[in-house]
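The values are calculated or read from the model by the stated rules, or taken from the named source; none is laboratory data. Being a predicted model, the structure only gives us computed values, none of them experimental. FYI the Cβ positions are ideal-geometry reconstructions off the backbone, even for glycines, and counts take in every protein chain you see. In case anyone asks, the SASA skips ligands and DNA or RNA and just uses the protein heavy atoms, side chains included. Shrake-Rupley method; radii C 1.70, N 1.55, O 1.52, S 1.80 Å.
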Amino acid sequence: MSQVFALSIHAHYRCRHSGVCCTADWDVPVELPVFRTLEAALRARTLVPQGTPHDDGDLLVTEDLPEDAAAILARTEAGRCVFHHAPSGLCAVHRDLGEPALPATCRHFPRLAVTDPRGTFISLTHFCPTAAAMLFDDVPIAIVDNPPAFPPGEYEGLTADPEAFPPLLTPRMLMDLPGYAAWERHMVARCANTSVSVESILATLARDVERLHDFDPARDTLVGRIASLPPEVQPADAPVALRDSLAWMAGVLAAVPEDLRPVLDDTNLEAAYQVYVRPSWGEWQAPLRRYLAAKAFANWTAYQGRSLMAVVRGLTAAIALVRVEAARRCRDARITLDGETLREAIRQADFMLNHLAVGEELAATWSRGGPESVG
């Protein structure tokens, strides 16, 4: 099994049974061996549903099942998994049959994994309230190996074939894996700088990518070039208006299948940003830096996109979504941005980026350019 790496901010993750993943009204595919286990347990009454299914049966067998699925877990009319025990927040399958009886989706949520010849790199989706709350813990940002929360094993996610090409530096030049590893460490190190804003980090990373564009493997190693990037930070402030952030969000929404695409209510969002968000945005840079590091680490766009600049654009889009969601929530509640509101804005941003939008389409959009390329 490959070595596992994670960020220090996630290294001690443990489910706190919020139940969000069990009540999100998602289709959860059930693999054939798991289906047989659950079916037998239901017949023997060693597994008892905790809710009434909206459709017939606790394990739904339909004509349009996902590939490699034998069924889908049934849900109640309210969208809650029929095996979720609401009073305790526990999953009856996990509680009564053990983790091996869980479908793969349930076992791995909220983990987001990238496996390549270097090892397995695990981040978390912050749609999970526990993961989102961890961004507010006072933990220095670093990459750690053998994290306690993620023992060696098989993790579902993006797997790069050992014979596949490594990430692209530019559309015309491949990186090597040591070079990409150095770049990933470089991004995380930029995020670990506690004296700068997320906007300065993004501007610095964009500058750093530009400085790598003339890299010539005949003259230097990519690891060496990354190590020689200037330590100075490119100063940047929070945007004075929400316009560009809304454009980044439009690009993300365009990558969401039409039947799942939410309608953005942007009424008075600009005024809300100016009154409720922008004045206090600087107070929340520590959790925002941790969120940015989590988006940079174990990054799928590096493999799905066409350049390192696509990765930086994806990071820019993530922070833009948080700004927009923070403005929306502050507008609706008529409150100045606080920690709870920021946490919920981050959760919604990751819901769109990780669970609604199609990753390959996001990578294609960010490979083309910034907000001006949308459409």
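Things worth noting here:
- Estimated inter-spin distance, residue 177 and residue 358, nm [label 7 Å along Cα→Cβ]: 3.0
- Residue 146 paired with residue 194, simple spin-label distance in nm, labels 7 Å along Cα-to-beta-carbon: 2.7
- Length gained on full extension, residue 31 to residue 56: 7.1 nm, using 0.36 nm per residue less the C-alpha separation.
- Extension gain, residue 39 back to residue 86 (0.36 nm per residue minus Cα-Cα distance, nm): 14.7 nm
- Compactness of the chain is given as radius of gyration and Dmax, 21.5, 68 Å, from Cα positions.
- Solvent-accessible surface of the chain, taken per residue with a 1.4 Å probe and all protein chains present: 47 Å².
- Peptide packing for 249-255, 334-340 was compared via the average number of neighbouring C-beta atoms within 10 Å per residue; ordered from the highest value, the list is 249-255, 334-340.
- When +1 charges are put on Lys and Arg Cβ atoms and -1 charges on Asp and Glu Cβ atoms, the dipole computed for region 207-270 relative to its Cα centre reaches about 260 debye.
- Average Cα contact separation per residue, region 173-232, under 8 Å, 6 or more apart, as relative contact order %: 49
- Relative to one another, the C-alpha centroids of region 1-62 and region 151-206 are positioned 31 Å apart.
- With the convex hull of its Cα atoms as the shape, region 182-323 has an orientation-averaged projected area of 9.5 nm².
- Packing-based order for 228-240, 33-45, 359-371, 314-326, using average beta carbon neighbours within 10 Å, highest first: 314-326, 359-371, 33-45, 228-240
- For the chain, relative contact order (Cα pairs under 8 Å, six or more residues apart, normalised by length) works out to 19 percent.
- When only alpha carbons are used to place a centre, region 227-256 and region 110-136 end up 22 Å from one another.
- At an R0 of 25 angstrom, the distance between the Cβ atoms of residue 48 and residue 17 translates into a FRET efficiency of 0.85.
- Global form of region 282-375, assessed from the alpha-carbon gyration tensor, a/c cut-off 1.5: prolate
- Helix-only CD estimate at 222 nm, as mean residue ellipticity for the chain, using -39500 (n - 2.57) per DSSP H run (n ≥ 4): -11500 deg cm²/dmol
- Whether region 1-113 is rounded, prolate or oblate, judged on the alpha carbon gyration tensor where a/c under 1.5 counts as rounded: prolate
- Anisotropy class of region 230-287 from Cα gyration tensor, a/c 1.5 cut: oblate
- Which of 236, 308, 151, positive extreme of dipole for the chain (C-beta unit charges): 236
- When the chain is described by a simple charge dipole with +1 on each Lys and Arg Cβ and -1 on each Asp and Glu Cβ, the residue from 178, 70, 30 located farthest towards its positive end is 178.
- Residue 335/residue 156 FRET efficiency (R0 35 Å; Cβ-Cβ; nearest 0.05): 0.35
- Label zone (residue 240, point 7 Å along Cα-to-C-beta; backbone nitrogen cut-off 20 Å) within region 202-232: 203.
- Whole-Hz Karplus values for region 112-125 come out as 10, 10, 10, 10, 9, x, 6, x, 10, 10, 10, 10, 10, 7 Hz, taken residue by residue from phi with 6.51 cos²θ - 1.76 cosθ + 1.60 and θ = phi - 60°; glycine and proline positions read x.
- Ligands, DNA and RNA excluded, the heavy atoms of residue 303 present near 50 Å² of accessible surface to a 1.4 Å solvent probe.
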